[in-house]
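Chemist: I have a structure here, written as structure tokens, and I will follow up with some questions on it.
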Amino acid sequence: MKCEEFEAIGLDAERDASVREAEWAAAREHASTCSRCAALQDSWQVARIQLRALAEDTDLAQAPARVEMRLRQEFRTRHRTLKVRRAAVIAAWALASAAVLMGAVSWRNWRAGQREEAAKLANSQQMAVAAAGNHQSLAPHSAASEDSLVADNEMNDFTLLPGVLPAETDDAAIVRVRMQRSTLGALGLPVNEDRAGEWIQVDLLVGNDGLPQAVRLLQ
Amino acid sequence: MGIAEQERDGVLLRRAAKGDEDAFALLYRRHQAALYRFALRMTGSAWAAEEIVQDVFMTLMRDPNKYDAERGTVGAFLYGVGRNRVMKHLERLPREVSLEEKNEDGSGAGIVLQDVFTPGMWAEQRERRGQVRAAVLELPAEFREAVVLCELEEMSYEEAAQVAGCPIGTIRSRLHRGRALLLAKLEMLRDVPRRASAAR
């Protein structure tokens, strides 16, 4: 073994797992024959003892307690903030879900109301047609019901029938019927005799009692 | 809920990430001393070592997902982060030797006297340790790291290579050069008082 090789591996051969037994033996042999390398080894042994002593000085050293305190404080702050942020997100989602749910329920109720109203209207239409057939000799019942339509819901242009008092029209139904002009006379309205046989379409405003209250001529 | 002492680091880290302060504290207590010693031996400054330890655990707190269990233990991960912080600290520093670590009474910080010395022996030993400390701190960072890991921390070459993130051959070569420099510096430091007394 040469001096350079000894310097590279000989000083710490016992700790270096990659140094083979043969190399280790060669290093020992070299140190026993080379005074320079033996002196180097001695110097290193002394230095190592001093290094160990230096290491012992700090073997028990550890970070001051204030470091742990600072870290714990930071940990609490960080996780409290995270918790608050998480809670805010959850609350926002909950509010949004509640709003959507309320909207859905309201829409459903509104739709149900609409359907109920339509059913009511259809019922009252049938009743009105029947009543009109009985009282004012409207067109034959079957024809009237075939021809009658649900009119649009506007209250404009209605003429109150004679003898009818203006009343609340909230529950009244509008029924569109086809009849002879002379039938208007039966409802108490003036009729042109020349056109009495003419078929016309009118909207009848039918009250709760099933009797027509007002009439609107359609063009 | 208490934490079993033998709870694995990985489990503790997961619990800490979920906000378990006790788990984080236990993890800190397990690893802080080794990190602190390494930083102290590398920087020679208690203040810097304290900052480095704090910085390492702040990193762990901020981003626990940086740790990858497949790449090694939590301890090795913390050592790696600590090593990077130490190197950055050394890069920032002007090349000078810190001879601090002195308390008000003049003793070295963290020095634990286990034997009883006469004042003369104590002064001589203190002087010798001061010289060794100065010599270690004067080594270039890479050589110093190899010396600190293998000689002061008493790690095997494999462990030191793992911590330093380099092959074993690199550690061996750095250690070889570090030793040579250290011996030369110690020789020089020993000769200074001799020359001074000869001159008188």
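The values are calculated or read from the model by the stated rules, or taken from the named source; none is laboratory data. Only a predicted model underlies this, so the values are computations on that prediction, with no experimental measurement involved. Counting neighbours? That spans all protein chains shown, and the Cβs are built from the backbone with ideal geometry, glycine included.
Chemist: Can you find, within region A:171-209, the residue that is nearest to A:N123 (Cα to Cα) among those that are of a type in the set (G, A, S) and surrounded by fewer than 17 Cβ atoms within 10 Å (Cβ to Cβ)?
Modeler: If we filter region A:171-209 for residues that are of a type in the set (G, A, S), which is where we start, we get A:172-173, A:182, A:185-186, A:188, A:196-197, A:207.
Filter again for surrounded by fewer than 17 Cβ atoms within 10 Å (Cβ to Cβ), leaving A:182, A:185-186, A:188, A:196-197.
Details: A:S182: 27, A:G185: 26, A:A186: 24, A:G188: 26, A:A196: 30, A:G197: 29 Å.
The selected residue is A:A186.
Chemist: Does region A:75-82 contain at least one residue that is among the hydroxyl-bearing types (S, T, Y), within 8 Å of chain B (Cβ to nearest Cβ) and assigned to a helix (DSSP H, G or I)?
Modeler: No.
Chemist: Determine whether region B:86-95 contains at least one residue that is part of a helix (DSSP H, G or I) and modelled with pLDDT under 85.
Modeler: yes
Chemist: Based on what the data block shows, is A:A27 at negative phi, surrounded by 14 or more Cβ atoms within 10 Å (Cβ to Cβ) and not in a helix (DSSP H, G or I)?
Modeler: Working: at negative phi: yes; surrounded by 14 or more Cβ atoms within 10 Å (Cβ to Cβ): yes; not in a helix (DSSP H, G or I): no.
Here the answer is no, as A:A27 does not meet what is asked.
Chemist: I'd like to know if region B:26-48 contains one or more residues that are more than 27 Å from B:C166 (Cα to Cα) and at pLDDT below 90.
Modeler: The answer is no; no qualifying residue exists.
So that you can scan it fast, the table gives a plain yes or no per residue for (1) within 11 Å of chain A (Cβ to nearest Cβ); (2) surrounded by fewer than 19 Cβ atoms within 10 Å (Cβ to Cβ); (3) assigned to a helix (DSSP H, G or I); (4) not charged (D, E, K, R):
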site: B:R133; (1), (2), (3), (4): yes, no, yes, no
site: B:C150; (1), (2), (3), (4): yes, no, yes, yes
site: B:E154; (1), (2), (3), (4): yes, yes, no, no
site: B:A160; (1), (2), (3), (4): yes, no, yes, yes
site: B:R172; (1), (2), (3), (4): yes, no, yes, no
site: B:H176; (1), (2), (3), (4): yes, yes, yes, yes
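Chemist: Which of (1) at the interface with another protein chain (Cβ under 7 Å from one of its Cβ atoms); (2) assigned to a helix (DSSP H, G or I); (3) surrounded by 14 or more Cβ atoms within 10 Å (Cβ to Cβ); (4) not β-branched (V, I, T) is the odd one out, the single condition A:A61 does not satisfy?
Modeler: Failing condition for A:A61: (2).
Chemist: Out of all the residues in region A:1-58, which are more than 9 Å from every other protein chain (Cβ to nearest Cβ), closer than 30 Å to B:G44 by Cα and not hydrophobic (A, V, I, L, M, F, W, C)?
Modeler: A:G10, A:E14, A:Q41, A:D42, A:Q45
Chemist: Now a separate question. Out of region A:10-46, which residues are under 29 Å from B:A34 (Cα atoms), out of contact with any helix residue (DSSP H, G or I) (no Cβ under 6 Å at 6 or more places or on another chain) and of a type outside the set (D, E, K, R)?
Modeler: If the condition is that a residue be under 29 Å from B:A34 (Cα atoms), out of contact with any helix residue (DSSP H, G or I) (no Cβ under 6 Å at 6 or more places or on another chain) and of a type outside the set (D, E, K, R), then A:A17, A:S18, A:Q45, A:V46 are the ones that fit.
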